[in-house]
1. How big is the dipole moment of the stretch 251-292 about its Cα centre under a simple scheme where the beta carbon of each Lys and Arg is +1, that of each Asp and Glu is -1, and everything else is neutral? Debye, nearest 20, please.
2. Using a Gaussian network model of the chain whose springs link C-alpha atoms within less than 10 Å, name the residue from G26, G125, G64 with the highest mean-square fluctuation.
3. Quantify, in whole percent, the carbon and sulfur part of the accessible surface of the stretch 258-362 (1.4 Å probe; protein heavy atoms only).
4. Rounded to the nearest Å, what's the spacing between the alpha carbon centres of the stretch 166-180 and the stretch 285-354? Just the number, please.
5. Could you list which residues have their amide H under 5 Å from that of E352, counting only those 5 or more apart in sequence or on another chain, with H placed in the peptide plane?
6. Heavy atoms only, probe 1.4 Å: what % of the accessible area of the stretch 1-101 goes to carbon and sulfur, would you let me know?
7. Apply 1/(1 + (r/R0)^6) to the Cβ-Cβ distance of Q307 and L152, taking R0 = 35 Å, and write down the FRET efficiency to the nearest 0.05.
8. For the pair D116 and R296, what calculated FRET efficiency results from E = 1/(1 + (r/R0)^6), where r is the Cβ-Cβ distance and R0 = 25 Å, to the nearest 0.05?
Amino acid sequence: MRNALIFRDPGRFAGWPANYGIWRWGDEIVIGFTVGAHKTVERGHAIDKSQPVTNAQARSLDRGATWQLEEFAGARPSGRGLSADEHMNESLRLAEVMDEKSATIPSEPLDFQHPDFAMMVARTGLKPGVFSFFYVSSDRCRSWAGPYRLPLFGTPGIAARTDYLIQGEQSALLFLSANKGDGEEGKTICVRTDDGGMTFELLSSVSQEPSGKGDFATMPSTIQLPGGRLLSVLRCRKGARGFSWFDLYASDDGGLSWRFLNRPVEFQRRGHAGNPPCLKQHPDGRLLLMYGNRDRYSICARISVDQGASWSDEIVLRGGGGSWDLGYVRAVVLDDGTVVAVYYFNDRPDGERFIEATLWKP
C-alpha cells in the first residue's frame, strides 16, 4: 500500500472528487475535483466562500503512480465552478448565470460505447430549485461536450453527481440525487436513456424518501454484477445533527425496483454528515467499499466476499488526518487487482486540503 500525491498547493483548497468522477482506459486514469482558496474556519469546510472556485482534473498514464494537473476543458457558463454553489457566496454561484433550460439537448444520439468515452454529471447547489446537467467526452477527458440537459423528473430539484452504468451504444442508467417533497436534498432516483441522452425516463426511487427534516439518502455509488444485479450504496443521515451511515440496495430488474440489503457502515459521531461511498468489484469477484471516515480522520475500506450480504471489519487505507474535512473517494480497479483510490485529505486542521491517491491490493 502506498500513497501518490496528485495536487497540493499551500493556500488552496482542493476537494470533493466524488462530486465529479473518475475514468479509466487501461493504464490511463483521469480524476476530477474542485480547487478554491483555503481559509481556516471554526466550523465547516476550510474554503474561502468569498473566492471563486474552478474545476480541475489530473491524469495518470502509469496506473496512478504519477499525475499531471489539467484544466477542465468544457464549457462553464461565465467561467463559474460546477457543483460547488453551496461553497460560495452569492454573486459567485453558477445558478445565478444558468437555469435548468440553459443546457442543450444533444443534436444526435451520443455514443456511450465509444472506446474513449467519459461522462460527468454536474449540478448547481443543493437547495430547492437546484438543477443538474451532464458533459461527455470522446477523447479521454481532453475535451468535453455539453452541458446537456437533465430533466427534473417531477422533483423540486436534481442535485446529481457522476454515477452511471452504460447499457448499450445509446443506453445508460443514471443514478441521481433528487430533492424531497419538502424541497431539501434527500433521495436517490434511477433514470434511463435509450436514445443517447436526448431523453430520459424515470424508472424508480432507490430507497423510500426520508421523511424527517434534515434526513437524506443520497450520493449513490452503483455497480452491475456479471449476472445483471445492480447494487447501489447510499449516503444516509438522520436529522441535521444526527448520525450517518451507508445503506445497500439491490435491483434484479434493471433498476425498476429495489430492495434493502443491509447497512455496511455506521458512523459513531453525531453531526458530521458522514461521507459518500465508493463501491467497486475486484476481478476476483469481491466487493470493495471505500469511504472517508470522519470519525477517525482516515480513508477506509470494507470487503464483501458474498456479493454484499456481509462485510469485513474496517481497513484503514490512509490515516493521519488532521480533521474531519476529507474523503469523497472515487476509485478504479486495474486488471491485476490493484485499486487506485483517490480522495481529498488534510494532515493538519489549519492546513491546505489536497488530492491524493492510495494504491493497494486487497
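1. Here the size comes out at about 280 debye.
2. With Cα springs under 10 Å in the chain, the top fluctuation among G26, G125, G64 is at G26.
3. Answer for the stretch 258-362 is 43 percent, counting heavy atoms of protein chains only.
4. Comparing the Cα centres of the stretch 166-180 and the stretch 285-354, I get a distance of 25 Å.
5. Under 5 Å from the amide H of E352: G11.
6. Working: 2020 of 4510 Å².
That fraction is 45 percent.
7. With R0 = 35 Å, the Cβ-Cβ based efficiency is 0.55.
8. Calculated value: 0.05.
The values are calculated or read from the model by the stated rules, or taken from the named source; none is laboratory data. Everything numeric here is computed off the predicted structure, so don't read it as measured data. Virtual Cβ from ideal backbone geometry, glycine too; neighbours counted across all protein chains shown. Side chains included, ligands, DNA and RNA excluded: accessible areas come from the protein's heavy atoms. Shrake-Rupley method; radii C 1.70, N 1.55, O 1.52, S 1.80 Å.
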